[in-house]
Amino acid sequence: MDYYEEIAAQAKALMDAGDFDAAFALLDVELKMPYIPKQQEEVLVAYYNRCRIERNAQKPIRRASLDQLEDLLNGSLDEQFQAVELLRGANVRMHMEVLRDALCREKLHYLVRAYLVEILISQQLHEEITMVHEGLEVTFIPAFVEAPMESDGALMVIEQLKEWLENEDPSFLAMCVEAFIKEAYLQLPFNIEETEAFEIALAIVAYVYRAYDDHAGFEAFCETHRILSKGSYALLLDKHEI
């Protein structure tokens with residue numbers, strides 16, 4: 001069973017158990033990612049739409065607005081993502097008090113936190129922001145942070161993955177790039193360091209092989225590319241079991 005089949009199976013199991021909220025949250029996170037193979041995407045979208053119908057039948061539809069931003073960011077995962085979508089089209093400078101409070105709450109979903117930081121970066125905010133990142137309090141200025149996939153370190157990771165896989169296995173490369181994009185977002189407000197690029201690229205390849213439960217494949221990959229050290233970089237993807 002590949003990665004997307006596993007996601008679909010988890011969603012279906014939750015739906016069969018009547019837990020449409022949990023299934024919706026699982027699918028919502030996955031469908032926000034920039035690349036999903038078309039065949040698997042059609043299955044996930046079908047499940048997603050069924051969850052939407054079932055959830056709407058079980059509770060009143062709530063039309064979200066920026067006036068509800070604080071409640072949304074303190075709400076369910078679905079509501080937190082609604083807040084993200086609202087903020088993408090808004091001037092975040094008008095909502096800084098709410099955003100500052102949200103970013104300091106450990107219970108804010110880690111992907112929601114990453115997307116909020118990305119929005120602050122894209123709007124070139126020059127104020128200092130303090131937030132909780134992986135249990136630690138950090139302070140940064142969004143305007144001085146590069147977009148997650150524009151830093152030199154991130155570009156080096158992509159180039160390393162292409163060097164290994166572009167000719168050998170383009171579809172596997174696409175999955176590695178998708179996994180790395182998630183990792184780069186999870187690391188915000190920190191950018192990928194150039195000195196860590198090789199280790200992160202290797203950890204991403206290992207991560208995707210593990211998703212397929214193909215440990216022999218990773219060993220063969222390392223042998224083919226004469227990689228003696230299997231790496232010890234700890235991905236946030238593994239920490240959050242994404």
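The values are calculated or read from the model by the stated rules, or taken from the named source; none is laboratory data. Remember, it's a predicted structure, so these values are computed and weren't measured experimentally. Note: ideal-geometry Cβ built from the backbone for every residue, glycine included; neighbour counts use all protein chains shown. Keep in mind that these areas ignore ligands, DNA and RNA; they rest on the heavy atoms of the full protein, side chains included. Shrake-Rupley method; radii C 1.70, N 1.55, O 1.52, S 1.80 Å.
Could you tell me the calculated FRET efficiency between Arg105 and Phe144, based on Cβ-Cβ distance and R0 = 30 angstrom, to the nearest 0.05?
After rounding, the FRET efficiency stands at 0.80.
Sorted by accessible area with a 1.4 angstrom probe, largest first, how do Met94, Met15 fall?
Met94, Met15
To the nearest 500 deg cm²/dmol, what mean residue ellipticity at 222 nm is calculated for the chain from DSSP H runs of n ≥ 4 alone, each contributing -39,500 (n - 2.57), summed and divided by the residues?
It comes out at -19000 deg cm²/dmol, rounded to the nearest 500.
For the range 117-213, calculate the relative contact order in percent as a whole number, restricting contacts to Cα pairs under 8 Å that are 6 or more residues apart. List each step's numbers first, then the result.
Details: 110 pairs, mean separation 28.2, N = 97.
Reported relative contact order: 29 percent.
Taking one equal scatterer on every alpha-carbon of the chain, how large is log10 of I(q)/I(0) by Debye at q = 0.08, 0.17 1/Å?
Evaluating at q = 0.08, 0.17 Å⁻¹ gives log10 I(q)/I(0) of -0.34, -1.34.
Of Leu236, Ile36, Leu66, which is farthest towards the positive pole of the chain's charge dipole, taken about the Cα centre with +1 and -1 on the beta-carbons of Lys, Arg and Asp, Glu respectively?
Positive-end residue among those listed: Leu66.
Using only Cα positions of the range 84-223, each an equal point scatterer, no hydration layer, compute I(q)/I(0) via Debye at q = 0.17, 0.19, 0.20, 0.22 Å⁻¹ and quote the log10 values to two decimals.
-0.92, -1.05, -1.11, -1.25
What does the accessible area per residue of the range 1-149 come to in Å², with a 1.4 Å probe and no ligands, DNA or RNA counted?
Per residue, the range 1-149 has an accessible area of 53 Å².
Measuring from label point to label point, each 7 Å out along Cα→Cβ, what is the Leu136 to Lys230 span in nm?
About 2.7 nm separates the two model spin labels.
Provide, in order from the shortest bin, the percent of all Cα-Cα pairs of the range 67-164 in each 10 Å bin, continuing until the bin that contains the maximum pair distance.
15, 45, 28, 11, 2
Please return the longest range in the chain lying between exposed loop sites, taking trypsin sites (Lys or Arg not before Pro), DSSP loop only, at most 15 other beta-carbon atoms within 10 Å, and leaving the sites out. Please report the intermediate quantities before stating the final value.
Numbers: sites that count: Lys32, Arg62, Arg63, Arg105, Lys107, Arg226, Lys230.
Free of exposed loop sites, the longest segment is 108-225.
Enumerate by residue number the GluC sites (Glu not before Pro) in the range 189-242 meeting two conditions: DSSP loop (anything except H, G, I, E, B), and at most 13 other Cβ atoms within 10 Å of the site's Cβ.
Working: sites: Glu193, Glu194, Glu196, Glu199, Glu219, Glu223, Glu241; in loops: Glu193, Glu241.
When the GluC sites (Glu not before Pro) of the range 189-242 are filtered for loop state and at most 13 Cβ neighbours within 10 Å, Glu241 remain.
Separation between the His215 and Ile53 pseudo-spin-labels, each 7 Å from Cα along Cα→Cβ, expressed in nm?
If labels sit at His215 and Ile53, their model points lie 4.3 nm apart.
What is the chain's relative contact order, in percent, from Cα pairs under 8 angstrom and six or more apart in sequence?
15 percent
List the GluC sites (Glu not before Pro) within the range 70-124 that fall in a DSSP loop (any state other than H, G, I, E or B) and whose Cβ has at most 13 other Cβ atoms within 10 Å.
Loop-located and lightly packed - Glu106.
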